[in-house]
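The values are calculated or read from the model by the stated rules, or taken from the named source; none is laboratory data. Predicted model only: the values in this text are computed from it and were never measured. Positions of Cβ are backbone-derived with ideal geometry, glycine not excepted, and every protein chain shown enters the neighbour counts. Quick note on the areas: whole protein, heavy atoms, side chains included, nothing else; ligands and nucleic acids left out. Shrake-Rupley method; radii C 1.70, N 1.55, O 1.52, S 1.80 Å.
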Amino acid sequence: MCLGIPGQVVQMVDTEQHLAKVDVNGVQRTISVRLLADDGLVVGDWVLVHVGFAMAKIDEAEAALTLDQVQKMGADYVNEIDAFNSSSIN
């Protein structure tokens, strides 16, 4: 199963290459935000992340609700966190 997990943008790493560092459940990784290039992402924004790519910009309430629901999925959540941990552009 493929899930999008909420992550918060903590640093714009390379604006020309559309790279940002996001924090997902305490783990920080550099991901591509190219798909959201027209959304004006800034530090503090929340995004849904899947395998190293930001797929959608979301608000903090939606991030909290999504994280809560994803955590209830048990093994699928663990698998998605493992995928995030192993997917780094650096």
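Computed quantities for the displayed model
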read-out	value
Of all residues making up region 1-40, the number that are in contact with a Phe, Trp or Tyr (Cβ under 9 Å, 6 or more places away or on another chain), loosely packed, with under 14 Cβ neighbours inside 10 Å and closer than 13 Å to residue 54 by Cα	1
Failed criterion for residue 1 (all others in (1) among the aliphatic types (A, V, I, L, M); (2) outside any loop (DSSP other than H, G, I, E, B); (3) modelled with pLDDT under 95 hold)	(2)
Number of positions in region 4-19 that are farther than 29 Å from residue 74 by Cβ, modelled with pLDDT of 95 or more and either within 9 Å of the chain's Cα centre (by Cα) or not acidic (Asp, Glu) (or both)	6
Subset tally (residues that are at pLDDT below 95, within 17 Å of residue 63 (Cβ to Cβ) and of a type in the set (Gly, Ala, Ser)) for region 20-44	1
Where residue 73 falls short, out of the listed (1) modelled with pLDDT of 90 or more; (2) surrounded by 12 or more Cβ atoms within 10 Å (Cβ to Cβ)	(1)
Failed criterion for residue 52 (all others in (1) at pLDDT below 95; (2) over 11 Å from residue 6 (Cα atoms); (3) open to solvent by 20 Å² or more (accessible area, probe 1.4 Å) hold)	(3)
Any hit, region 33-43, residues being closer than 23 Å to residue 70 by Cα, touching a residue at least 12 places away in the same chain (Cβ under 8 Å), hydrophobic (A, V, I, L, M, F, W, C) and in contact with a helix residue (DSSP H, G or I) (Cβ under 7 Å, 6 or more places away or on another chain)	no
